[in-house]
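Colleague: Got a structure for you, questions after.
Any read-out appearing in this document is the output of simple, stated calculations on the displayed coordinates, not a laboratory observation. All values derive from a computational prediction rather than experimental measurement. For neighbour counting, all protein chains shown are included, and Cβ atoms are generated from backbone atoms with ideal geometry for every residue, glycine included.
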Amino acid sequence: EPINVWAYFENGTLKPHIFFWNKRQIKVEKINLVHTTKNGSSGAYHFSVSSGGNFYRLAFNPHDLKWFLEMVEEE
């Protein structure tokens with residue numbers, strides 16, 4: 001699902017800070033895991049993040065500069 005994300009760079013590393021989903025603003029409290037995937041000539045960055053005891057997986061496509069919500073695990 002496409003989402004909007006406020007992100008920043010710290011020491012050359014991309015970090016999601018806040019994302020907007022379901023008319024909610026969710027602040028990333030912790031980035032638990034980051035990995036990349038490659039699909040042909042394009043790739044993506046995947047961030048497993050947590051906020052308020054909930055877990056989310058965000059994906060960033062650097063080719064078209066779009067963010068996606070890949071997984072949600074809420075209590």
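Colleague: Relative contact order for the chain using alpha-carbon pairs under 8 Å, separation at least 6, rounded to a whole percent?
Modeller: On the way: 148 pairs, mean separation 17.4, N = 75.
Here the relative contact order equals 23 percent.
Colleague: Along the Cα→Cβ direction, 7 angstrom out, place labels at residue 54 and residue 42. What is the inter-label distance in nm?
Modeller: Calculated label separation equals 2.7 nm.
Colleague: What dipole magnitude, in Debye to the nearest 20, does the chain give about its Cα centre under +1 on Lys/Arg Cβ and -1 on Asp/Glu Cβ?
Modeller: Numbers: 8 positive and 8 negative charges, 34 e Å.
Taking the Cα centre of the chain as origin, the dipole is about 160 debye.
Colleague: Here is a follow-up. Taking a cut-off of 18 Å, what percent of all Cα-Cα pairs in the chain are separated by more than that?
Modeller: Numbers: 923 of 2775 pairs.
In whole percent, the long-distance tail amounts to 33.
Colleague: Also, quick follow-up: Could you name the aspartates and glutamates in cross-link range of residue 66, using Cα to Cα under 15 Å and dropping any fewer than eight places away on the same chain?
Modeller: 1
Colleague: Run the simple label-point estimate for residue 8 and residue 23 please: 7 Å along Cα→C-beta, distance reported in nm.
Modeller: 3.0
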